[in-house]
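Written below as structure tokens is the structure these notes are about.
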Amino acid sequence: CAGCMLCVKDCPSDAIELITIDKAAKKFVMRYHADRCTYCAQCVLSCRFKCLEMSSEDWELASANKQPFEVYYGREEDVAFLLEKRPEECPEE
């Protein structure tokens, strides 16, 4: 991911967030909201670097809360860093 954010801009359902950890080092984490996604694949078509693809994996689309529908993509250390500092930055909704 180069951080161009075309996937975020082109997503009609606002299901993608790109969180910048370090732009100079090209460290980004994508937060994907499966509960918002309409599976239109616009993000896949928009990605110039072919970082995104549609999956044939089965998703569970029912839950008592929204947390299981938040999926993070990126390097393991970047996702861990984001999740460690998240409680102080992102108050519970």
Condition set small (Gly, Ala, Ser) and in a loop (DSSP other than H, G, I, E, B), scope the range 1-47, selection most open to solvent (accessible area, probe 1.4 Å): answer is Ala24
Among the residues of the range 48-64, which ones are open to solvent by 90 Å² or more (accessible area, probe 1.4 Å) and on the phi < 0 side of the Ramachandran plot? Arg48, Phe49, Glu53, Met54, Ser56, Glu57, Asp58, Trp59, Glu60, Leu61, Ala64
Pair list, Cβ < 7 Å and 6+ apart or interchain, from the range 1-22 residues that are closer than 17 Å to Asp35 by Cα to residues that are part of a loop (DSSP other than H, G, I, E, B) and of a type in the set (Lys, Arg): Ser13/Arg36; Asp14/Arg36; Ala15/Arg36
Only residues in the range 48-64 that are part of a loop (DSSP other than H, G, I, E, B) count as the first member; pair them with residues that are of a type in the set (S, T, N, Q), Cβ under 9 angstrom, at least 6 apart or cross-chain, and list the lot. Leu52/Ser46
Any residue at all in the range 71-79 that's open to solvent by 50 Å² or more (accessible area, probe 1.4 Å) and assigned to a helix (DSSP H, G or I)? yes
Is it the case that some residue within the range 49-61 is of a type in the set (S, T, N, Q) and more than 16 Å from the chain's Cα centre (by Cα)? yes
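The values are calculated or read from the model by the stated rules, or taken from the named source; none is laboratory data. Model, not experiment: these values are computed from the prediction. Please note: Cβ atoms are built from the backbone with ideal geometry, for glycine as well, and neighbour counts cover all protein chains shown. In case anyone asks, the SASA skips ligands and DNA or RNA and just uses the protein heavy atoms, side chains included. Shrake-Rupley method; radii C 1.70, N 1.55, O 1.52, S 1.80 Å.
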